[in-house]
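Here's the structure we're looking at; comments come further down.
Read the figures in this text as sums done on the coordinates, not as results from a lab. Computed from a predicted model, the values in this text were never measured in an experiment. Virtual Cβ from ideal backbone geometry, glycine too; neighbours counted across all protein chains shown.
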Amino acid sequence: MTLPGFALAVHVLAVVWWIGGLAFVTLVFLPALRHGLDDDPRRLFSAIEHRFSRQARLAVVLTGLSGAYLLYALHAWAWLTIPRFWWLQAMIAYWLVFALALFVAEPLGVFERLLGRGDDPRRAWGYFHRLHALLLLAGVIIVGGAVAGSHGL
């Protein structure tokens, strides 16, 4: 196996782990918390999020490192200026959103404050869930575009 082939395998597996985790959180975990399947949803969210965030951070780091290496190894920097490679620019922007969320906003407690503010925790959980759903939809579109675009469609 070539080094670019290995990097591509790492890249795809990291993205699968990252987006798969986002799908689980969005489609299973947050709905369960929002619909009262736990007496203390903030406590449960914090406990699970603490464990999951380490995995998400690792997946995002591996995605970024392998993606940057692939751009270098394939001499693909010019692709960033070609409109038909929109998915590549979208991937990078999407990665930046998650890198900032996981490595800046989360450690600063932004999400905890968001969930704890206001008089209506149901509204805050609803907002948080919708945000995750939007991020998941964007991720699915970008991944689908990347697969189609990298195979000439």
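A few notes on this one:
- Over the C-alpha trace of the stretch 3-82, radius of gyration and Dmax come out as 17.0, 53 angstrom.
- Multiplying the residue separation of Arg51 and Ala9 by 0.36 nm and removing their Cα-Cα distance gives an extension gain of 12.7 nm.
- Relative to the longest principal axis of the Cα atoms of the chain, the long axis of helix 41-73 lies at roughly 10 degrees.
- Under the simplified labelling scheme, the Ala68-Leu134 pair shows an inter-label distance of 2.8 nm, with each label point 7 Å from Cα along Cα→Cβ.
- Inter-label distance, nm, simple model (7 Å from Cα along the C-beta direction), Arg42/Trp79: 4.5
- Gain on full stretching of the segment that runs from Ala148 to Val28 - 0.36 nm per residue minus C-alpha separation: 40.4 nm
- Helix 121-150 axis, angle to the chain major axis (alpha carbon atoms, nearest 10°): 10
- Taking all Cα pairs closer than 8 Å and separated by 6 or more residues, the relative contact order of the chain comes to 33 percent.
- Computed over the alpha-carbon pairs of the stretch 18-140, the distance histogram in 5 Å steps reads 2, 9, 18, 22, 18, 12, 8, 6, 4, 2, 0 percent, short to long.
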